[in-house]
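The values are calculated or read from the model by the stated rules, or taken from the named source; none is laboratory data. These numbers were taken from a predicted model, which means no experiment stands behind them. Positions of Cβ are generated from backbone atoms using ideal geometry, with glycine treated the same way; all protein chains shown enter the neighbour counts.
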Amino acid sequence: MSISNSISDFISYSTIRIECITSNGQQSTGTGFFFNFCREGMSCCPAIITNKHVIRDAISCTLTFSLADNSGSPIDTLQHKVNIPDFQKPWKLHPDPKIDLCAMPIANIIMILKEKGINPFYTALDDSLLPQENHKNEFQSMEDIVMVGYPNGIWDALNNKPIFRKGITATHPNRDYMGNKEFLIDAACFPGSSGSPVFIYNEIGYFDGKQFNLGQRRILLLGILYAGPQHFVRGEIQVEDRALTPVSISSVPNNLGM
């Protein structure tokens, strides 16, 4: 698969919009991303990763793949939709109920598409993008981050492109927030962003705690968005029977995510 050397271009093809139909007929959208699970000396298993709650209660799903030309380059305006019935079956849930992650192997989907002459294009993340100890030792309390996904289901439907949101780490990425293996980010987080990969993203350089590495690019898969705290605005609705006080509750995001 061919793509430019731009980091942002690379990660713009790493996500996929997940459109679900739930058991009660409601429609929902979420974000998934491509990840290659590889073993040394063996082939890789491509998968889509998202949150458990994104697929919860879904009975069917539509995935929209970008397509490639004969040379392997993406054709942004050409896409192919894959409908997956019995949607719960292929997902592998993380065994820890407290960890909101799941993965769906897609090797069979890709094989079937190619047998039909359909060439999907995507860029898969892998464990080379996961922070190692030397990276973690360089982390500062405030790091520049980029989150890629489909907030409120918004996307560039013509070009099958996700939405980029920039922000910073709101708590130190090396510290367990409230005792959990989590950290906070300060970015605009909305429903539909669940499952979005969160990257440490430095295109032209970064500070490693000792010096600024000018011209050194850095991209690391720091985490996956799954939730965000919200505060609530309560507006009282006056009715004649004062013993009953219906209250409308509107949630307002704090632009924080976990």
Mind checking which pairs have a first residue in segment 203-222 that is in contact (Cβ under 8 Å) with a residue 40 or more places away in the chain and a second that is of a type in the set (Gly, Ala, Ser), Cβ under 7 Å, 6 or more apart or different chains?
-> none
Residue that is modelled with the lowest pLDDT, among those in segment 111-134 that are buried (at least 16 other Cβ atoms within 10 Å of the Cβ) and not aromatic (Phe, Trp, Tyr) | 131
Checked segment 124-181 for anything closer than 26 Å to residue 13 by Cα and without any contact (Cβ under 8 Å) to a residue 12 or more places away in the chain; matches are 128, 132, 156, 157
Any residue in segment 146-169 that is in contact with a strand residue (DSSP E or B) (Cβ under 6 Å, 6 or more places away or on another chain), assigned to a loop (DSSP other than H, G, I, E, B) and over 20 Å from residue 18 (Cβ atoms)?
-> no
Conditions (1) of a type outside the set (Gly, Ala, Ser); (2) more than 18 Å from residue 161 (Cα to Cα); (3) in a strand (DSSP E or B); (4) touching a Phe, Trp or Tyr at 6+ places or on another chain (Cβ under 9 Å); number of the one not met by residue 82 = (2)
Can residue 10 be described as of a type in the set (Phe, Trp, Tyr) and part of a strand (DSSP E or B)?
-> no
Pick from segment 213-232 the residues that are among the hydrophobic types (A, V, I, L, M, F, W, C) and either surrounded by 10 or more Cβ atoms within 10 Å (Cβ to Cβ) or in contact with a Leu (Cβ under 9 Å, 6 or more places away or on another chain) (or both): which of them is modelled with the lowest pLDDT?
-> 227
Which of the following residues is out of contact with any strand residue (DSSP E or B) (no Cβ under 8 Å at 6 or more places or on another chain) and over 30 Å from residue 202 (Cβ atoms): 9, 100, 96, 69?
-> 96
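Residue-wise test of (1) touching a Phe, Trp or Tyr at 6+ places or on another chain (Cβ under 7 Å); (2) at pLDDT below 90; (3) part of a loop (DSSP other than H, G, I, E, B).
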site	(1), (2), (3)
95	no, no, yes
104	yes, no, no
181	no, yes, yes
192	yes, yes, yes
Could you grab me the full set of residues in segment 13-43 that are surrounded by 14 or more Cβ atoms within 10 Å (Cβ to Cβ) and not in a strand (DSSP E or B)?
-> 13, 14
So which residues in segment 106-140 are more than 24 Å from residue 87 (Cβ to Cβ) and either basic (Lys, Arg) or outside any loop (DSSP other than H, G, I, E, B) (or both), if there are any at all?
-> 127, 128, 129, 133, 134, 135, 136
